[in-house]
1. Let's test this: bin the Cα-Cα distances of region 24-65 at 5 Å from zero up to the farthest pair and state each bin's percent.
2. Kindly list the residues of region 6-22 that lie in the label zone of residue 90, defined by a backbone N under 13 Å from the point 7 Å along the Cα-to-C-beta vector.
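Nothing in this text is a laboratory measurement; each read-out follows from the coordinates by a stated rule. Fair warning: this is a prediction, and the values are worked out from it, not measured in the lab. Backbone-built Cβ (ideal geometry, glycine too); neighbour counts: all protein chains shown.
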């Protein structure tokens with residue numbers, strides 16, 4: 001029984017770590033895009049800034065606004081809760097019932 005609880009906690013911890021790691025990876029990629037966008041903007045403005053008008057600037061930078069919120073704010077508690085405790089208790093009840101029937 002203790003082994004079953006231990007395994008359930010390990011699985012829950014692994015799922016939590018995977019979900020949290022996925023969120024950190026998305027944020028890391030978003031930060032890398034931002035780090036690339038800033039030098040691109042500086043290069044574009046140095047190269048074409050004086051000779052370009054507002055519509056050309058708008059067209060060049062229209063897809064660089066990548067502020068769509070944080071992935072962490074979009075997570076739900078159901079993403080972290082694998083409901084292992086309920087499953088383990090149900091399994092334990094079934095095992096106890098089946099052992100009583102065998103006796």
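1. Using 5 Å bins, I get a P(r) of 6, 21, 25, 21, 12, 8, 5, 2, 0 for region 24-65.
2. Label zone hits: none.
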